[in-house]
1. Please work out if residue 119 is in a strand (DSSP E or B) and out of contact with any strand residue (DSSP E or B) (no Cβ under 7 Å at 6 or more places or on another chain).
2. What is the one condition in (1) touching a residue at least 12 places away in the same chain (Cβ under 8 Å); (2) under 27 Å from residue 44 (Cβ atoms) that residue 100 does not satisfy?
3. Restrict the check to segment 35-42 and report whether at least one residue is under 25 Å from residue 151 (Cβ atoms) and either in a helix (DSSP H, G or I) or modelled with pLDDT under 95 (or both).
4. Which of the following residues is surrounded by 13 or more Cβ atoms within 10 Å (Cβ to Cβ), assigned to a helix (DSSP H, G or I) and either on the phi < 0 side of the Ramachandran plot or touching a strand residue (DSSP E or B) at 6+ places or on another chain (Cβ under 9 Å) (or both): 158, 132?
5. Residue 138 versus (1) surrounded by fewer than 18 Cβ atoms within 10 Å (Cβ to Cβ); (2) in contact with a strand residue (DSSP E or B) (Cβ under 8 Å, 6 or more places away or on another chain); (3) touching a residue at least 40 places away in the same chain (Cβ under 8 Å): which is the lone unmet condition?
6. Looking at segment 17-33, which of its residues are more than 18 Å from residue 90 (Cβ to Cβ) and either touching a strand residue (DSSP E or B) at 6+ places or on another chain (Cβ under 9 Å) or loosely packed, with under 14 Cβ neighbours inside 10 Å (or both)?
7. For segment 58-70, name all the residues that are part of a loop (DSSP other than H, G, I, E, B) and either farther than 26 Å from residue 42 by Cα or touching a residue at least 40 places away in the same chain (Cβ under 8 Å) (or both).
């Protein structure tokens with residue numbers, strides 16, 4: 001089994017979990033935030049929807065310096081649930097293809113991530129993908145789960161049952 005095949009097994013589960021959460025974002029509360037320091041729900045949903053772009057960059061670029069990124073900043077303006085899901089699905093398809101195309105040699109290559117002289121990470125592409133893409137996305141999907149709960153919207157069962165639904169193992 002290749003590294004890409006292992007990552008794609010996790011990828012499919014995480015993208016399904018993320019999509020199921022994004023499907024529940026209410027159309028009428030994009031500006032909702034549980035605290036003044038919290039990101040607005042619509043913006044957070046769009047952050048999750050566009051995060052697979054970062055997965056593509058990890059797979060296709062030699063590294064990234066956030067102080068001089070060659071990629072445009074993602075538009076995090078929430079327009080509608082439909083638009084959010086459309087962007088998510090497009091980004092997921094691109095990211096999945098990028099992972100599937102990566103060889104074990106490419107996965108083992110060091111991927112330097114920095115902000116100017118500040119080194120954020122300098123680990124293999126595979127480890128960087130898991131920690132800086134998967135873990136980051138899981139963190140924000142969990143935040144959205146809290147937002148849903150605080151708005152009395154059923155929280156999806158992602159890794160086990162929620163108070164609203166039973167979990168079915170992937």
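The values are calculated or read from the model by the stated rules, or taken from the named source; none is laboratory data. Worth saying up front: this structure is predicted, and the values here are computed from it rather than measured. So basically every Cβ, Gly included, is an ideal-geometry build from the backbone, and we count neighbours across all protein chains shown.
1. Taking the combined requirement at face value, the residue satisfies it.
2. So the condition that residue 100 fails would be (2).
3. yes
4. 132
5. Status for residue 138: all satisfied but (2).
6. 27, 28, 31 - these are the residues of segment 17-33 that are more than 18 Å from residue 90 (Cβ to Cβ) and either touching a strand residue (DSSP E or B) at 6+ places or on another chain (Cβ under 9 Å) or loosely packed, with under 14 Cβ neighbours inside 10 Å (or both).
7. Correct list: 61, 62.
So that you can scan it fast, the table gives a plain yes or no per residue for (1) surrounded by fewer than 17 Cβ atoms within 10 Å (Cβ to Cβ); (2) out of contact with any helix residue (DSSP H, G or I) (no Cβ under 6 Å at 6 or more places or on another chain); (3) assigned to a helix (DSSP H, G or I); (4) free of Cβ contacts under 8 Å to residues at least 60 places away in the same chain:
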position: 7; (1), (2), (3), (4): no, no, yes, no
position: 15; (1), (2), (3), (4): no, no, yes, no
position: 56; (1), (2), (3), (4): no, no, yes, yes
position: 72; (1), (2), (3), (4): yes, yes, no, yes
position: 75; (1), (2), (3), (4): yes, yes, no, yes
position: 86; (1), (2), (3), (4): yes, yes, yes, yes
